[in-house]
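Colleague: This is the structure, below, for whatever I ask next.
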Amino acid sequence: MDALVSALDSAYVFVAAILVISMQVGFALLEAGSTRMKNAGHVAGKQIISFAITGIFFWVAGFAITFGDGNGFVGWKGWMLHLGGAEVDQVFSALSWAHVPLDLKFLFQMAFAAVSLAIAWGGFAERAKLSVYFVFGILFTVAIYPVIGHWVWGGGWLAKMGMQDFAGSTVVHLQGAVAALIATLLLGPRIGKFTRDGKPNLIPGHNQVYSVLGVIILWIGWFGFNAGSTMAIGDGFFSYVALTTNLATAAGAIAAMLIAWFVLGKADIPSMLNGVLAALVAITAACAFVEPWAAVVIGAIAGMITFFTSLYFERKGVDDPVFAFSVHGIAGIWGTISTGFFASPRLVEKMGVGKAGLFYGGGWHQLYVQVIGALGAMVYVAAVSFIILYLLKVTMGLRVTPEEEITGLDLSEHGVYGYPEHLDLAEKQAFASETVLARAAGYAYERTV
């Protein structure tokens, strides 16, 4: 019987891992569709690079640092999964509750790390050197993501405090978003994004249908992300997690669309898409800890705050091409602290993590833990990301030249446009028009690099 249960759980986790891996397709479509045609091939292709980097370096060191036995800060055992069968549960005691093979645990968790890195790339879009993706991707996978993962999921100091982050609002999404924000600030805005007096110009994505399809794929993949994190099928709890995930996401889509309609006077589709993603991010921490009604509230609030923060950061001069920090960062913070309000006593007892939320008479303790967890992660990721990216900036440089940026990264980094039949003939005209726009905006490239 135990062998049958393990086999069923293994099959389930494998399917969930494939769903999470398929989210790379969603990110490729979403980010390519949300950026300009001249960069589409580059933006989509870097998802392959990102996933490959994670696949190698999370195996070499990231998984051991995240889940290996160590201290409250990092794990230091289990490099390259090189250990005997009898040692597995001892070395990776933080995952011993999941009755599936170690190789499968690695595959599932590696997919999560790849998602976090994919989020970070949103802040680099349309102006970063391809070489920066390699260097920062490796260091993010071995020195940034695994440390916070160990704190929360690997038996670290936040785990001991009882932090509730079921599938990674902080571990996955907030980390990627903070790294994206640091990159955005160090790279500076895209050419022509802001006028001389600092007002933002609209730089629309080239294919809204791609963006919509990307978000639908991400919504589907998120069932592997959240429900798959139960890593078991026997008790059926995965279906409850899937329910709260879907309720929150639907509420986020509707709330974001309505608030955009009210504020902008139009039913803005990109705002709706951001509402979907923000709700997914927010419910990721809370999906196993809150009742269905609370999931709706969490998702709706996430959709609304992401809309307003996207506008706010843009008006403050932050050129975040896919609004990574608003969608994954602000919503990640909200999702993390939401269990401090909404964690249900019955679900907390079932999960055995933390305490009930404030609205259920649990007091302020869980809210305090959640706030400390989010702040601690933000400080660490921001500090390490800044150090790495600043060193890259003063050595190899972060940003392509103005000529390369105006021509497009498809051509300058890869030698061919993603849409050659559309862009080859218009290349000279586009170069000239964007140069005029850049000069009119008073853009000074040297100040950003």
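Colleague: If I ask for residues that are of a type in the set (Val, Ile, Thr) and either in contact with a strand residue (DSSP E or B) (Cβ under 9 Å, 6 or more places away or on another chain) or crowded, with 21+ Cβ neighbours inside 10 Å (or both), which ones from segment 121-141 would you list?
Modeller: 132, 141
Colleague: Which pairs turn up if I take residues in segment 364-393 that are within 16 Å of residue 151 (Cα to Cα) and of a type outside the set (S, T, N, Q) and look for partners that are outside any helix (DSSP H, G or I) and open to solvent by 30 Å² or more (accessible area, probe 1.4 Å) with beta carbon separation below 7 Å, at least 6 apart in sequence or on another chain?
Modeller: Partner pairs satisfying both residue conditions: 369/354.
Colleague: Also: Among the residues of segment 27-72, write down those that are of a type in the set (Ser, Thr, Tyr) and outside any helix (DSSP H, G or I).
Modeller: Matches in segment 27-72: 35 only.
Colleague: Confirm whether residue 352 is without any contact (Cβ under 8 Å) to a residue 12 or more places away in the chain, out of contact with any Ser or Thr (no Cβ under 8 Å at 6 or more places or on another chain) and either open to solvent by 20 Å² or more (accessible area, probe 1.4 Å) or within 20 Å of residue 240 (Cβ to Cβ) (or both).
Modeller: Yes, satisfied.
Colleague: Here is a further query. Could you check, for segment 190-197, whether at least one of its residues is closer than 24 Å to residue 309 by Cβ, open to solvent by less than 40 Å² (accessible area, probe 1.4 Å) and of a type in the set (S, T, N, Q)?
Modeller: There is no residue in segment 190-197 that is closer than 24 Å to residue 309 by Cβ, open to solvent by less than 40 Å² (accessible area, probe 1.4 Å) and of a type in the set (S, T, N, Q).
Colleague: Being without any contact (Cβ under 8 Å) to a residue 40 or more places away in the chain and of a type in the set (D, E, K, R): is that true of residue 69 here?
Modeller: Considered against the rule, which asks whether it is without any contact (Cβ under 8 Å) to a residue 40 or more places away in the chain and of a type in the set (D, E, K, R), residue 69 comes out as no.
Colleague: Can you tell which of 428, 393 is at pLDDT 95 or above and charged (D, E, K, R)?
Modeller: Every option except 393 fails the conditions.
Colleague: Quick check on this structure: which one of 176, 205, 214, 224 is part of a loop (DSSP other than H, G, I, E, B) and either out of contact with any Phe, Trp or Tyr (no Cβ under 8 Å at 6 or more places or on another chain) or of a type outside the set (Val, Ile, Thr) (or both)?
Modeller: Just a single option satisfies the conditions, and that option is 205.
Colleague: Still on this model: Just the residues that are open to solvent by 80 Å² or more (accessible area, probe 1.4 Å) and among the β-branched types (Val, Ile, Thr), please, taken from segment 202-215.
Modeller: 209 - this is the single residue of segment 202-215 that is open to solvent by 80 Å² or more (accessible area, probe 1.4 Å) and among the β-branched types (Val, Ile, Thr).
Colleague: Another question, if that's okay. Report, by residue number, each residue of segment 149-162 that is hydrophobic (A, V, I, L, M, F, W, C) and either over 19 Å from residue 68 (Cβ atoms) or surrounded by fewer than 23 Cβ atoms within 10 Å (Cβ to Cβ) (or both).
Modeller: Of everything in segment 149-162, those that are hydrophobic (A, V, I, L, M, F, W, C) and either over 19 Å from residue 68 (Cβ atoms) or surrounded by fewer than 23 Cβ atoms within 10 Å (Cβ to Cβ) (or both) turn out to be 157, 159, 161.
Colleague: State the number of residues belonging to segment 248-297 that are over 17 Å from the mean Cα position of the chain (by Cα), closer than 17 Å to residue 229 by Cβ and part of a helix (DSSP H, G or I).
Modeller: 2
Colleague: Under 6 Å between Cβ atoms, which residue pairs at least 6 apart in sequence (or on different chains) link something in segment 323-348 that is in contact (Cβ under 8 Å) with a residue 24 or more places away in the chain and open to solvent by 10 Å² or more (accessible area, probe 1.4 Å) with a partner that is among the charged types (D, E, K, R) and assigned to a helix (DSSP H, G or I)?
Modeller: none
Colleague: Right, next: Looking only at segment 322-356, how many residues end up being outside any helix (DSSP H, G or I) and of a type in the set (Val, Ile, Thr)?
Modeller: Going through segment 322-356 one residue at a time, the tally reaches 2.
Colleague: Tell me which residues, restricted to segment 58-108, are buried (at least 17 other Cβ atoms within 10 Å of the Cβ) and among the hydroxyl-bearing types (Ser, Thr, Tyr).
Modeller: Across segment 58-108, the qualifying residue is only 66.
Colleague: Among the residues of segment 327-350, what is the count of those that are more than 16 Å from residue 284 (Cβ to Cβ) and polar (S, T, N, Q)?
Modeller: 1
Colleague: Here's a follow-up. Just need a number here: residues in segment 276-298 that are farther than 21 Å from residue 112 by Cα, buried (at least 24 other Cβ atoms within 10 Å of the Cβ) and not hydrophobic (A, V, I, L, M, F, W, C).
Modeller: Total meeting the criteria: 0.
Matching residues to (1) modelled with pLDDT of 95 or more; (2) of a type in the set (Asp, Glu); (3) open to solvent by 80 Å² or more (accessible area, probe 1.4 Å); (4) within 22 Å of residue 49 (Cα to Cα):
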{"site": "388", "(1), (2), (3), (4)": "yes, no, no, yes"}
{"site": "411", "(1), (2), (3), (4)": "no, no, no, yes"}
{"site": "445", "(1), (2), (3), (4)": "no, no, no, no"}
{"site": "448", "(1), (2), (3), (4)": "no, no, no, no"}
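Colleague: Going through segment 227-239 one residue at a time, which ones are in a helix (DSSP H, G or I) and open to solvent by 40 Å² or more (accessible area, probe 1.4 Å)?
Modeller: 238, 239
Colleague: Can you tell me which residues in segment 73-108 are assigned to a loop (DSSP other than H, G, I, E, B) and within 27 Å of residue 227 (Cα to Cα)?
Modeller: 74, 78, 92, 96, 97, 98, 99, 100, 101
The values are calculated or read from the model by the stated rules, or taken from the named source; none is laboratory data. Quick caveat: nothing in here was measured; it's all calculated off a predicted structure. When we count neighbours, we look across all protein chains shown, and the Cβ atoms used for this are built from the backbone with ideal geometry, even at glycine. The area values use the complete protein model at the heavy-atom level, side chains included, leaving out ligands, DNA and RNA. Shrake-Rupley method; radii C 1.70, N 1.55, O 1.52, S 1.80 Å.
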